[in-house]
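Since the structure comes first, as C-alpha cells, the remarks are kept for the end.
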Amino acid sequence: MVTPKDIADAARALHEGKLVVMPTETVYGLGANALSDEAVAGIYAAKQRPEFNPLIVHVADIDAAEKLGAFKGVAKRLARAFWPGALTLVVPKTPKCQASRLATAGLKTIALRVPAHPIAKMLLNAADLPIAAPSANVSGKLSPTRIEHLQGLDDKNISAVLDAGATEVGVESTIVACNGDKATLLRPGGISRADIEKVLRAPLGTQKKSNKPNAPGQLESHYAPKASIRLNVSETAPNEGLLAFGAAVLAHAGPVRNLSPSGDMQEAAANLFSFLHELDAEADRIAVMTIPDEGLGEAINDRLRRAA
Ligand code: TXA
Ligand code: MG
C-alpha cells in the first residue's frame, strides 16, 4: 500500500533530482523532474539506454500541459476527450517551455500525458512538477505492469518505488502527434484508433517511414541543428563552436562548451542538447571532440552522428 508519507517522500526525491518508480494506469514509469537535465540524465543511466529517445512528460492537468506545449485544434479536442488517460499527445513546445532539452531529445515538440492513476495524480500534485517518465524497464525488455518486472534497472539513483499492484491497462499509452488540424498515430496503445477517430470524426494519419527524416510537414524524428557538425576533431577552425569533453580541451578562440570537464558521462548527457542548442545559435559549424563510447557515451555518440 502507498501511504501519504510515501507520496511526500517521493515528491521530495523528485525535487532533489532523484528517480521515482511510479504506477500509471498503463505501465510503471521511471520518473524524474522533467525540468532538470541532470535528473533526466539519471533515467537514461538507470535504463542503460544505448540511445536518447525523447520521453513522455506527465502532468497533473491540461493547464499544466499548456505551460509546456501548444494545444490547438485537434490537440485540444483529444486532450479534453481522453485526459486523464492512456493517450500521449505530441505537440509543439511553447516558446516558454522549461522542459529539459534532454527529455525532449532536442526536438521542437514535446510528448505530454495526464495519467489517470490515483497514485500518479497524487505524486504530480504533491511534487508540483512535470515528471518525465519512460516505461520502467531496462532498454529492450518488456514494459512493467507490476513491480516484480523492474529487475535489471540500475537502482542506485532510484529513491522511491511506489508499489500499487498490477496496472490496469497493461499496455503503453497511444501516442498521437498533433500538427494544426492533422493528427497522426505514432504508437498504438491503451486507447484504440477507433475511439480516437470517433472524436476526430476523421481518420488518423499513419506515420510514413521516410529516409528524409526532417522532410517538411513530417515529424522531426531526431534533433538536427542548423550548424554543420564535425566529429572527433583534433583541431578547430575560427568560425566554429567547440563542443569539448574532459580536462584536456583543445585550444580554440571561438565559443566553447565543455560537456563534462571531469569526464563524467552522466553530466555530459545532461548537457548535450542544451550545449548543442547554444553553440548552434553562436556558430555556423560545431566541432566535437572525441567522446569515449563508455556508458552513456554510446548514446551521446549515436545522437551526435545523427545530428551530423
Ligand atoms: O504508457 C506510457 O506511455 C508509459 C507510461 C510510463 O506513461 N511511458 C512510455 O514511455 O511508454 P517510453 O519512453 O517507453 O515511450 C515514449 C515514446 C518513445 O517511443 C518516444 O520516441 C516517443 O514516446 N516520443 C516522445 N516524445 C516524442 C516527440 N516529441 N516526438 C515523437 N515521439 C516522441
Ligand atoms: Mg518503453
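Working from Cα pairs under 8 Å separated by at least six residues, relative contact order for segment 51-173 is 30 percent.
The amide H of residue 258, built 1.01 Å from its N in the peptide plane, has 244 as neighbours under 5 Å, considering only residues 5 or more places off or on other chains. For the residues 51, 168, 148, a GNM of the chain with alpha-carbon springs under 10 Å puts the largest fluctuation on 148. Neighbour counts of other Cβ atoms within 10 Å put 37, 9, 284 in the fewest-to-most order 284, 9, 37. Dividing the summed -39500 (n - 2.57) terms of all DSSP H runs of n ≥ 4 by the residue count of the chain sets its mean residue ellipticity at 222 nm at -8500 deg cm²/dmol. Here are some pairs, 76/141; 47/67; 18/96; 5/76; 121/141; 141/226; which of them have Cα atoms lying more than 30 Å apart in this structure? Too far apart for the 30 Å limit: 76/141; 5/76; 141/226.
As I understand it, the value is the acute angle between the Cα axis of helix 4-15 and the longest principal axis of the Cα atoms of the chain; what does it come to in degrees, rounded to 10? That helix lies at roughly 20 degrees to the long axis. Each part reduced to its alpha carbon centroid, segment 234-252 and segment 51-74 end up 36 Å apart. Each of residue 96 and residue 195 was given a label point 7 Å from its Cα along the Cα-to-Cβ line. The distance between the two points is 3.3 nm. Give me the percent relative contact order of the chain, please, defined on Cα pairs under 8 angstrom at least 6 residues apart. Once divided by the residue count of the chain, the mean separation gives 22 percent.
Only Cα pairs within less than 10 Å get springs; with that Gaussian network setup on the chain, which residue of 108, 198, 67 has the largest fluctuation? Result for the chain, Cα springs under 10 Å: 198 fluctuates most. Between the Cα long axis of helix 37-47 and the first principal axis of the chain there is an angle of about 70°, rounded to the nearest 10. The antiparallel fraction among DSSP beta bridges confined to the chain stands at about 45%. Whole-Hz Karplus values for segment 280-297 come out as 4, 7, 9, 8, 8, 9, 10, 9, 10, 5, 5, 10, x, 7, 7, x, 5, x Hz, taken residue by residue from phi with 6.51 cos²θ - 1.76 cosθ + 1.60 and θ = phi - 60°; glycine and proline positions read x. The Cα center of segment 21-47 and the Cα center of segment 155-214 differ in position by 17 Å.
Every read-out reported here was derived from the displayed coordinates using simple, explicitly stated rules and does not represent laboratory data. This is a predicted model, so every value here is computed, not measured. All Cβ positions, glycine included, derive from the backbone under ideal geometry; neighbour counts span all protein chains shown.
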